[in-house]
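The structure under discussion appears below in the form of structure tokens.
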Amino acid sequence: MVRNHFFVGVLCVTVLLALTTIAQASGTVTFQIEVLPGLSVSSPDLLVFDPVAPGQSDHQDLNITVWSNVTWELSVQAVGYDVEGGLQGTIDVATPGGWVELTNESSVIRENQSPTGPTGVTLLTPFRFIGSYEDVPGTYSFQVEFTVVAAL
Amino acid sequence: MIGALKWIGIVMVVLFLPWGNAQAMVSVSPVIVEAVGVAEGQTFEVLCQNWGDQPIEMQLSLALFDQSETGGVVFLEDPEAVHRASGFLTLHTDALSLDPNGEDVVRVELTDNSFDNLYAVLFVKPRQVGVQTRFAVLFLLSTSVNKLANMTVSSWVQQEDALTLTVENHGLRHGLWEGEVHLYDASDQVGEKRQITSGVVLAGRSRGVQVPLPSWVRRVEVFSDLSGQQR
């Protein structure tokens, strides 16, 4: 009788150990994933202002879409503007604080923007050109460069 | 001449040449690289991806950056700053070519670590039609592991709807300020305790931190967490 109980006990322990082994074999696996801060930008089309006479102004809006999983900033600067023989009229860009003249130096137009999520954020950025008597009639062109950066 | 221009002068301005209607989409990651105890020869990698259906060239360049009083990033792109950045960091290439839906890695090597802190920026600029955009990848590198940020609140101003703190970092490494603001009501009782964390403050710099205040707040007290925060 005692011997039978002993064998039953050994059998139970063996079954339990086997079940434990099976459980470990089919157990959960820990995944460790590091998500890095990243930015994406969709570039918009070119922007064409309507013809303006000296002293008159024209507004045009530019859309730029940003995707980010961190807080971010957007700045803008003109490239090749206000050079000799170039355009002398004033180009302004709208910021939350009002109109800011666009120059060859970078101006922050959006600060501390929240992470966008997967849909991104499309920013409507108004530009304003005011014609000048210093500009000879004609067609002028220059480039505007947006810089997107993670906020500190 | 000017009078004539007044009436016949028509100026049409075209921004963002060259012409084109492409809607290129480019991704860069990581956009902040922080490392301490950096050593010469250490290499950092930045992944660039082209999600568009056209091949794209990426122009790469280095410069330095600083921090404004509001905490914003200020790019230092003058020739001296560019030269200094290139003295510490080396790009393995100054251009990348990405196929449609392709990706590649930019490798930036630290070739000189004779600094306490280096705040450098890698510009990644797609050469594309349409509006020009560029990404700024920030490098916050420290040679020491043991040097700490040393944060203090140098001043604060309570206005009707906001509290503005100025946080200074006297330490030798960038870091965050952490503290608590106690908001007192009209009966001079603490109505709310708020945990506050500043953004990153570069070594030797200060930045403003704005805390919105409810209308019932009459006075505030500011407490710093003396342990400081490293990032």
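Below, the figures for the structure above:
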quantity: Scope the range B:138-162; condition at pLDDT below 85 and out of contact with any Leu (no Cβ under 9 Å at 6 or more places or on another chain); matching residues; calculated: B:145, B:146
quantity: Total residues in the range B:2-42, condition at pLDDT below 80, in a loop (DSSP other than H, G, I, E, B) and open to solvent by 50 Å² or more (accessible area, probe 1.4 Å); calculated: 5
quantity: Lone unmet requirement of (1) more than 7 Å from chain B (Cβ to nearest Cβ); (2) among the small types (Gly, Ala, Ser); (3) touching a residue at least 12 places away in the same chain (Cβ under 8 Å); (4) open to solvent by 10 Å² or more (accessible area, probe 1.4 Å) for residue A:75; calculated: (4)
quantity: Subset of the range B:81-94 [assigned to a strand (DSSP E or B) and open to solvent by 20 Å² or more (accessible area, probe 1.4 Å)]; calculated: B:90, B:91
quantity: Exclusive hit being more than 20 Å from residue A:70 (Cα to Cα), in contact with an Asp or Glu (Cβ under 7 Å, 6 or more places away or on another chain) and modelled with pLDDT of 90 or more, set B:62, B:47, B:76; calculated: B:76
quantity: Filtered residues of the range B:43-73 (kept if aromatic (Phe, Trp, Tyr) and outside any strand (DSSP E or B)); calculated: B:51
quantity: Residue A:48 of a type in the set (Val, Ile, Thr), within 10 Å of chain B (Cβ to nearest Cβ), surrounded by fewer than 20 Cβ atoms within 10 Å (Cβ to Cβ) and touching a residue at least 40 places away in the same chain (Cβ under 8 Å); calculated: no
quantity: Residues of the range B:109-135 classified as open to solvent by 10 Å² or more (accessible area, probe 1.4 Å) and small (Gly, Ala, Ser), total; calculated: 1
quantity: Count - residues of the range B:163-202 that are more than 25 Å from residue B:150 (Cα to Cα) and either open to solvent by less than 10 Å² (accessible area, probe 1.4 Å) or not charged (D, E, K, R) (or both); calculated: 7
quantity: Answer residue from the range A:78-89, given it is within 28 Å of the chain's Cα centre (by Cα) and more than 8 Å from chain B (Cβ to nearest Cβ) and is modelled with the lowest pLDDT among those; calculated: A:81
quantity: Within the range B:104-141, tally of residues that are within 12 Å of another protein chain (Cβ to nearest Cβ) and part of a strand (DSSP E or B); calculated: 17
quantity: Any chance residue B:97 is of a type in the set (Ser, Thr, Tyr), within 13 Å of chain A (Cβ to nearest Cβ) and in a strand (DSSP E or B); calculated: no
quantity: Identity of the residue in the range A:139-152, modelled with pLDDT of 80 or more and of a type outside the set (Ser, Thr, Tyr), that ends up surrounded by the fewest Cβ atoms within 10 Å (Cβ to Cβ); calculated: A:145
quantity: Extreme residue, most open to solvent (accessible area, probe 1.4 Å), among residues of the range A:111-138 that are touching a helix residue (DSSP H, G or I) at 6+ places or on another chain (Cβ under 9 Å) and at the interface with another protein chain (Cβ under 7 Å from one of its Cβ atoms); calculated: A:133
quantity: Test for residue A:108: is it away from chain B (no Cβ under 11 Å) and either under 14 Å from residue A:49 (Cα atoms) or among the hydrophobic types (A, V, I, L, M, F, W, C) (or both); calculated: no
quantity: Residues of the range B:192-211 satisfying the condition of being free of Cβ contacts under 8 Å to residues at least 60 places away in the same chain, among the polar types (S, T, N, Q) and either within 10 Å of another protein chain (Cβ to nearest Cβ) or in contact with a Pro (Cβ under 8 Å, 6 or more places away or on another chain) (or both); calculated: B:210
quantity: Index of the failed condition, residue A:94 passing every other in (1) modelled with pLDDT of 85 or more; (2) assigned to a strand (DSSP E or B); (3) open to solvent by 10 Å² or more (accessible area, probe 1.4 Å); (4) within 11 Å of chain B (Cβ to nearest Cβ); calculated: (4)
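The values are calculated or read from the model by the stated rules, or taken from the named source; none is laboratory data. Just so we're clear, the structure is a prediction, and the values are computed from it rather than from any experiment. Because the Cβ atoms are built from the backbone with ideal geometry, glycine has one as well, and the counts that use them run over all protein chains shown. Side chains are part of the model used for accessible areas, which takes the heavy atoms of the whole protein and leaves out ligands, DNA and RNA. Shrake-Rupley method; radii C 1.70, N 1.55, O 1.52, S 1.80 Å.
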